[in-house]
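Below you'll find the structure, written out as structure tokens, and then a few comments.
The values are calculated or read from the model by the stated rules, or taken from the named source; none is laboratory data. Everything numeric in this text was worked out from a predicted model, so none of it was measured. Every residue, glycine as well, gets a Cβ built from its backbone with ideal geometry; the counts of neighbours run over all protein chains shown. Areas reflect the complete protein model, heavy atoms only, side chains present, ligands, DNA and RNA absent. Shrake-Rupley method; radii C 1.70, N 1.55, O 1.52, S 1.80 Å.
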Amino acid sequence: MTAPAKVMSIDEIVGSLASGMTIGIGGWGSRRKPMALVRAICRSSLTDLTVISYGGPDVGLLCAYGKLRRVIAPFVTLDSIALEPHFRAARRSGSIAFTEYDEGMFMFGLYAAAHRLPFLPTRAGLGSDVMRVNPDLRTVRSPYDDGEELVAMPALSMDVALVHMNRADARGNARYLGPDPYLDDLFVKAATTASYVSCERLVDTADLLEDGHVQSLLISRVHVTGVTETPRGAHFTTCEPDHDRDEAFQREYVKAAADPAEWEAFRRRYLDGDEKAYQEATQ
Amino acid sequence: MTVTRAEVCVTACAEAWRGDGEVLAAAMGTCSILGARLARLTFEPALLTTDGGALLTAEPIPLGAEAGAVEGGLPFRDHLWLVAAGRRHVMMGASQIDPYGNTNISAIGDWERPKSQLLGARGAPGNTRCNPTSYWIPRHSPRVFVERVDFVSGIGTDRGAFDLRRVVTDLGVFDFAGPDGTMRLVSVHPGVTVDEIVAATGFELAVAGDMPPTRAPTDEELRLLREFLDPRALRDREVPT
């Protein structure tokens with residue numbers, strides 16, 4: 001007997017999602033985003049999604065395709081280009097709702113969700129307008145002698161998590177090879193319905209660790225529903241050391257976003273086809 | 001050797017970390033990053049600095065250089081841990097700042113439907129509540145220095161800021177020792193007048209008598225900056241002479 005194999009296609013993963021779901025997306029800004037899965041959501045008939053993300057072009061693309069009802073994020077950025085054009089346009093037009101948190105509050109929200117706790121206390125957010133624009137946020141007083149008032153950051157509960165890793169096996173164990181795990185482990189632990197891992201390369205379990213340390217095995221199969229191999233699947237975001245950010249393509253993306261006709265051409269050229277077509281068009 | 005305005009800004013930024021000891025010097029913006037590394041190379045050797053990414057470099061490195069020898073990793077989750085523990089002095093940017101040091105990096109206009117969506121709050125609320133915070137603002141103007149910010153991302157002295165240290169701009173240096181914790185002019189960069197600064201500030205600024213000039217970089221600081229940290233003079237792009 002062996003552990004269950006969980007290899008799926010991109011379309012099978014996206015086909016398992018439903019409109020109205022809350023989806024957590026790993027990575028950070030324009031770094032190690034599961035873009036192949038995001039692109040497939042854009043091509044799908046899914047709608048009315050809520051996305052929880054340290055936002056980058058994942059949020060931007062989903063905004064551009066009108067897939068989102070709400071964005072829950074501490075920021076949306078392309079890193080080397082500070083502002084995300086599609087997210088900005090969606091905010092300006094009022095087409096999406098936005099829940100804005102501090103990035104530390106956001107991490108505590110992920111910790112709470114991963115531990116199935118209703119909230120975790122933090123000082124981050126106190127005194128700021130994050131409290132004003134989130135009128136449901138409550139504070140809690142320490143029951144100990146200090147009596148300190150803290151923000152009760154609610155769990156960032158999500159139906160589904162999508163993350164992109166450097167390596168994975170067919171069971172859903174996954175490894176990162178870059179300098180930062182981001183909060184991807186918390187996303188897959190937080191999801192209550194399913195967690196999906198896309199990876200640069202599927203390898204045998206025996207080869208998963210190669211010469212590395214066990215700490216680089218960030219994600220355990222116990223939290224993973226399905227895994228799919230999407231070489232260069234984080235493009236155009238970073239996925240060190242497999243590939244860096246495609247800065248030229250990111251600039252092209254931003255430039256196209258500024259003009260509806262240019263964006264239409266960009267979509268036709270790169271995004272209307274499947275992942276294979278995207279990879280061929282962006283080589 | 002003529003000292004440029006950008007070089008004065010870099011040393012003014014470096015001064016923000018003086019006396020901090022063994023904390024992370026987290027910097028945003030060219031002059032601020034250069035300032036952190038210059039401080040570590042000279043008068044504040046215990047500081048921790050990064051490669052601009054997730055690596056703590058064994059020694060300060062030139063702008064844009066590979067990390068070289070590394071003394072630690074600093075993934076974002078550990079940044080947030082250092083914030084919570086207060087073992088970090090961050091120098092951030094701001095699109096708007098008010099007399100109490102409340103800052104906005106979230107959105108311009110009505111937050112519900114902003115005229116201009118900016119980054120989002122990022123770590124500003126937690127930074128300002130939990131660890132020492134300074135600001136580097138490369139363009140001092142009345143559009144940035146405003147009576148009221150449209151959204152409080154980073155909190156000021158009137159909203160429970162942990163420790164707002166100083167604001168460095170292309171014109172001068174400021175702290176929050178004015179009346180009721182408001183912004184006060186501390187020094188004026190060479191070639192700038194107090195009147196210019198007052199005119200570029202959209203609120204009443206505390207100015208105490210004769211204002212000293214911001215100190216010039218030492219010869220050693222200039223050498224390190226020009227020959228080692230920033231030989232391509234990227235600092236001049238942020239603060240044109």
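Tabulated values for the structure
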| read-out | value |
| --- | --- |
| Inter-label distance, nm, simple model (7 Å from Cα along the C-beta direction), A:Lys255/B:Ala85 | 4.5 |
| Most to least accessible of A:Glu103, B:Glu147, A:Glu264 (protein chains only, probe 1.4 Å) | B:Glu147, A:Glu264, A:Glu103 |
| Residue-by-residue Karplus 3J(HN,Hα) for the range B:60-65, coefficients 6.51, -1.76, 1.60, Hz, glycine and proline x | x, 10, x, 4, x, 7 |
| Prolate/oblate/rounded call for the protein assembly as shown, Cα gyration tensor, a/c under 1.5 rounded | prolate |
| Packing-based ranking, highest mean first, of B:159-165, A:207-213 given that Cβ atoms within 10 Å are counted | B:159-165, A:207-213 |
| Fraction of accessible area attributable to carbon and sulfur, the range A:189-236 (%, probe 1.4 Å) | 48 |
| Solvent-accessible heavy-atom area per residue, rounded to whole Å², over chain A at 1.4 Å | 40 |
| Surface share of carbon and sulfur [accessible, 1.4 angstrom probe, percent] for the range A:1-123 | 54 |
| Other protein chain Cβ atoms within 10 Å, averaged over every residue that makes up B:74-81 | 6 |
| Å² per residue, accessible surface of the range B:5-232 at 1.4 Å | 39 |
| Potential extension, B:Thr2-B:Glu22 segment - 0.36 nm per residue separation minus Cα distance | 3.9 nm |
| Protein accessible area in the range B:5-232, 1.4 Å probe - carbon and sulfur % | 51 |
| Share antiparallel - DSSP beta bridges, the protein assembly as shown, percent rounded to 5 | 35 |
| Per-residue ³J(HN,Hα) for the range B:25-35, Karplus 6.51 cos²θ - 1.76 cosθ + 1.60, θ = phi - 60°, Hz, x for Gly and Pro | 8, 9, 10, 10, x, 4, 5, 5, 4, 4, x |
| Value of relative contact order over the range A:95-219, rounded to a whole percent, pairs C-alpha under 8 Å and six or more apart | 26 |
| Of all DSSP beta bridges in the range B:5-232, antiparallel share, percent nearest 5 | 50 |
| Calculated FRET value between A:Ser44 and B:Phe162, using beta carbons and R₀ = 56 Å, to 0.05 | 0.80 |
| Scattering curve values for the range B:5-232, log₁₀ I(q)/I(0), Debye with Cα scatterers, q = 0.09 Å⁻¹ | -0.35 |
| Peptide A:70-77 - average C-beta neighbours from other chains (10 Å radius) | 4 |
| Relative contact order [Cα under 8 Å, 6+ residues apart], the range A:1-74, whole percent | 31 |
| FRET efficiency for A:Ala97 and A:Leu177, using Cβ-Cβ distance with R0 set to 51 Å, rounded to 0.05 | 0.90 |
| Per-pair calculated FRET efficiency, R0 = 56 Å: A:Val7 and B:Val194 via Cβ, rounded to 0.05 | 0.25 |
| For chain A: rounded, prolate or oblate by the Cα gyration tensor [a/c cutoff 1.5] | oblate |
| Local electrostatic count, A:Val222, Cβ distance below 11 Å [Lys/Arg +1, Asp/Glu -1] | +3 |
| Interface burial for A against B (accessible surface, 1.4 Å probe, total of both chains, Å², rounded to 100) | 3100 |
| DSSP-loop trypsin sites (Lys or Arg not before Pro) across the range B:1-86, with at most 16 other Cβ within 10 angstrom | B:Arg18 |
| Shape call, the range A:81-143: gyration tensor on alpha carbons, a/c limit 1.5 | prolate |
| The range B:5-232, relative contact order [Cα under 8 Å, separation at least 6], % | 19 |
| Cut-off under 5 Å, modelled amide H: who pairs with B:Leu56 long-range | B:Glu71, B:Gly72, B:Gly73, B:Leu74 |
| Antiparallel content of DSSP bridges confined to the range A:93-235, in %, to 5 | 45 |
| In nm, spacing of pseudo-spin labels at B:Glu71 and B:Asp210 (7 Å Cα→C-beta vector) | 4.1 |
| Whichever lysines have a C-alpha closer than 20 Å to that of A:Lys33, once near sequence neighbours (fewer than 8 apart) are set aside | A:Lys67, A:Lys189, A:Lys276 |
| B:Asp110-A:His115 pseudo-label distance in nm [points 7 Å out on the Cα-to-Cβ vector] | 4.0 |
| Vicinal HN-Hα couplings computed from phi for the range A:98-111 (Karplus, 6.51 cos²θ - 1.76 cosθ + 1.60; Hz; Gly/Pro x) | 9, 10, 9, 10, 5, 6, x, 4, 4, 5, 5, x, 5, 4 |
